[in-house]
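One structure is given here, and the rest of the page talks about it.
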Amino acid sequence: MARRSRQLLPGYSYHVTVRCNNREFRLTRWECRQVLLYAIKKVQDKYRFKLYGLCVMSNHVHYLIEPQKAQDLPKIMHGLNWYTAMCFNRMLNRTGHFWEKRYHSTGFANSETRRALNTLRYIHANPKAAQMQAGFFYDFSNYGIHDRPGDDGITQWHPAFLSLGNTLDECAAKYRKFCQKYRPQPKPETKNHWGSKLLAGLTAKKGKSKPTSPGQMALPWNQWEPPTGEVVEVAKKFVLANCYDPQFAMKMFLPPE
């Protein structure tokens, strides 16, 4: 069955969600999160898209993106997912698909202020909804520059956020209050599907390993490996601009004693 084509329009923002394959918690490693931020920066340099919202969770990522050209969205996501999959598979010593199927996206006109603010708040509330923390500040989301205006090197403010007041401080105060009113819905519990109990009791049969085809062979790592210093600098700027306590967060970037 053919995939439905995406409706991509100029002047639209797109809420994009991408998950780890099998919903595995592959994004918990500090090094992986730094590489993801670096990848965003490199793809952004190439396609000049605006990134209004970002939240990196343990097994999925939320983006709010406005492409410079509407048709660039698939190129942006391909660049991000392809590059990070190559890096993460090497870093985690694994093979196969890293990201789960096709990314999900929904778009809306930038003039839809209420929808834009609701989407931003939903993205920023993900750690709170997952009961990872009580507040909205989170090292790997860009809520921080909305509460405490600054520059994280990767993300920008959506026109809807800038419409909240005449100054950045006024916009921040109103957005903070808007977020405080949010009551996230609890995540639904995982349900057992038909056959799950039966399958849980079965063990996989051991067979002969199949030879690796040329299309599955590992590519030279030096083609994908990012420069360590640059990765750290990109991550440091983002985290320190968005975290709750920059002095505490800075300790994560200090070399081990």
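Residues that are aromatic (Phe, Trp, Tyr) and under 16 Å from Val18 (Cβ atoms) were ranked within the range 65-112; the one that is surrounded by the fewest Cβ atoms within 10 Å (Cβ to Cβ) is Trp82.
Here Phe136 fulfils each of the conditions (1) buried (at least 21 other Cβ atoms within 10 Å of the Cβ); (2) farther than 22 Å from Leu240 by Cβ; (3) more than 14 Å from the chain's Cα centre (by Cα) apart from (2). Quickly run through the range 46-64 and pick out the residues that are assigned to a strand (DSSP E or B) and surrounded by fewer than 18 Cβ atoms within 10 Å (Cβ to Cβ). Within the range 46-64, just Lys50 meets the criteria. Does the range 195-205 include one or more residues that are among the charged types (D, E, K, R) and at pLDDT 95 or above? Checked the range 195-205: no residue is among the charged types (D, E, K, R) and at pLDDT 95 or above.
With the condition kept exactly as written, say whether any residue in the range 103-110 is of a type outside the set (S, T, N, Q) and within 16 Å of the chain's Cα centre (by Cα). Within the range 103-110 (the criterion being of a type outside the set (S, T, N, Q) and within 16 Å of the chain's Cα centre (by Cα)), the answer is yes, since at least one residue qualifies.
Taken over the range 22-38, the residue count meeting the criterion of being of a type in the set (Lys, Arg) and either surrounded by 15 or more Cβ atoms within 10 Å (Cβ to Cβ) or in contact with a Phe, Trp or Tyr (Cβ under 6 Å, 6 or more places away or on another chain) (or both) is 2. The single condition among (1) more than 24 Å from Arg121 (Cα to Cα); (2) under 13 Å from the mean Cα position of the chain (by Cα) that Tyr63 does not satisfy is (1). Looking at the structure I just gave you, is Ala173 in contact with a helix residue (DSSP H, G or I) (Cβ under 8 Å, 6 or more places away or on another chain), at pLDDT 90 or above and either within 30 Å of Ala134 (Cα to Cα) or not in a loop (DSSP other than H, G, I, E, B) (or both)? In short, no. The helices (runs of 4 or more DSSP H) found entirely in the range 68-169 that carry 3 or more residues being in contact (Cβ under 8 Å) with a residue 60 or more places away in the chain are 73-91, 113-124. When Arg4, Arg90, Arg48 are screened for being modelled with pLDDT of 95 or more and of a type outside the set (S, T, N, Q), only Arg48 passes.
So that you can scan it fast, the table gives a plain yes or no per residue for (1) over 24 Å from Gly11 (Cα atoms); (2) modelled with pLDDT under 95:
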residue: Leu117; (1), (2): no, no
residue: Ala125; (1), (2): yes, no
residue: Lys128; (1), (2): yes, yes
residue: Gln131; (1), (2): yes, yes
residue: Tyr143; (1), (2): no, no
residue: Trp157; (1), (2): no, no
residue: Ala160; (1), (2): no, no
residue: Thr167; (1), (2): no, no
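The values are calculated or read from the model by the stated rules, or taken from the named source; none is laboratory data. All values reported here derive from a predicted model rather than from experimental measurement. Positions of Cβ are backbone-derived with ideal geometry, glycine not excepted, and every protein chain shown enters the neighbour counts.
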